[in-house]
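Asks: My questions all concern the structure below.
The values are calculated or read from the model by the stated rules, or taken from the named source; none is laboratory data. As the structure is a computational prediction, the values presented were derived from the model and not from experiment. Glycine gets a Cβ as well: all are built from the backbone with ideal geometry, and neighbour counts include every protein chain shown.
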Number of protein chains: 2
Amino acid sequence: MSAHATTPPASLWDTICFDAAGLIPAIAQQHDTGEVLMLAWMNREAVAETLATGRVCYFSRSRGRLWRKGESSGQTQHLVELRLDCDGDTLLVLVHQQGVACHTGRRNCFFRAVRGGELKEIAAPAVDPASLYEGRNG
Amino acid sequence: MSAHATTPPASLWDTICFDAAGLIPAIAQQHDTGEVLMLAWMNREAVAETLATGRVCYFSRSRGRLWRKGESSGQTQHLVELRLDCDGDTLLVLVHQQGVACHTGRRNCFFRAVRGGELKEIAAPAVDPASLYEGRNG
């Protein structure tokens, strides 16, 4: 069987802990380079869809609905492996990121660092963010 | 100046977003290997102490107090760089992990993976977890 089980494993559902809002934080990491791309949130339905389809789906807290990563930008994430931490309350999602993960056009969202006592930008956009959303629904 | 500023940079405090509970999720990543070690939470005081001392300090939600990583286990984390994401609501903390990050004795907390439709343990403890807390205060 592939990592993309069509039926979510019962042991995952017995172990995973959603918070009071029904959400769990999910760290997306590029599977081969180890780059931490972003952190987003999943609800039960997003976890199930991600496992069923192999395409990473989050729950957008701002939009209050499922968010299939890349649905607007085309910058999809393909599931390589879903991992759960010792407390069952955080997911590590190993992915292959198509293009850039960040809505600013950068490869990952962690492009600001405290250096020399100040918050500095340490990465420039790889693509023009405007180009990610042209002709799409935001 | 080193990355361990004694005075927290104003621009960080202007940009960082704590949640309604005054917390922000912090992903700890081993700086040189890219291994994602754990996710924990920081409040403003934990962020300030981490930057001031160079030793990573979280806020324990279960204990309701600051948690200087390794204070019980000896498995401390030393700050290499603190990064902030695009929305300002997640930290990526590049660290050097002394020993193991997980209270189960494993190097990192993400030792369970969905494989073949089941949740499987994919890493064994590197050290006996009982040995981490012997003669210490839990």
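Asks: Tell me, please, whether a residue that is in contact (Cβ under 8 Å) with a residue 40 or more places away in the chain and either within 14 Å of A:Gln77 (Cα to Cα) or touching a Pro at 6+ places or on another chain (Cβ under 8 Å) (or both) can be found in segment A:18-26.
Replies: yes
Asks: Counting only residues that are closer than 18 Å to A:Cys109 by Cα and of a type in the set (S, T, N, Q), how many does segment B:86-115 have?
Replies: Selection size over segment B:86-115: 1.
Asks: Residues in segment A:6-17: is at least one at pLDDT below 95, over 29 Å from B:Ser62 (Cβ atoms) and within 12 Å of another protein chain (Cβ to nearest Cβ)?
Replies: Among the residues of segment A:6-17, at least one is at pLDDT below 95, over 29 Å from B:Ser62 (Cβ atoms) and within 12 Å of another protein chain (Cβ to nearest Cβ), which makes the answer yes.
Asks: Ok, one more. If a residue has to be touching a residue at least 40 places away in the same chain (Cβ under 8 Å) and either closer than 15 Å to B:Ile16 by Cα or buried (at least 23 other Cβ atoms within 10 Å of the Cβ) (or both) to count, how many in segment B:80-92 make the cut?
Replies: 8
Asks: I'd like to check something: does segment B:71-81 contain any residue that is under 14 Å from the mean Cα position of the chain (by Cα) and hydroxyl-bearing (Ser, Thr, Tyr)?
Replies: Within segment B:71-81, one or more residues are under 14 Å from the mean Cα position of the chain (by Cα) and hydroxyl-bearing (Ser, Thr, Tyr).
Asks: Within segment A:31-46, which residues are more than 8 Å from chain B (Cβ to nearest Cβ) and more than 19 Å from A:Arg112 (Cα to Cα)?
Replies: Across segment A:31-46, the qualifying residues are A:His31, A:Asp32, A:Trp41, A:Met42, A:Asn43, A:Arg44, A:Glu45, A:Ala46.
Residue-wise test of (1) β-branched (Val, Ile, Thr); (2) out of contact with any Cys (no Cβ under 8 Å at 6 or more places or on another chain); (3) within 14 Å of another protein chain (Cβ to nearest Cβ).
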position: A:Thr50; (1), (2), (3): yes, no, yes
position: A:Val80; (1), (2), (3): yes, yes, yes
position: A:Leu91; (1), (2), (3): no, yes, yes
position: A:Thr104; (1), (2), (3): yes, no, yes
position: A:Phe111; (1), (2), (3): no, no, yes
position: A:Ile122; (1), (2), (3): yes, yes, yes
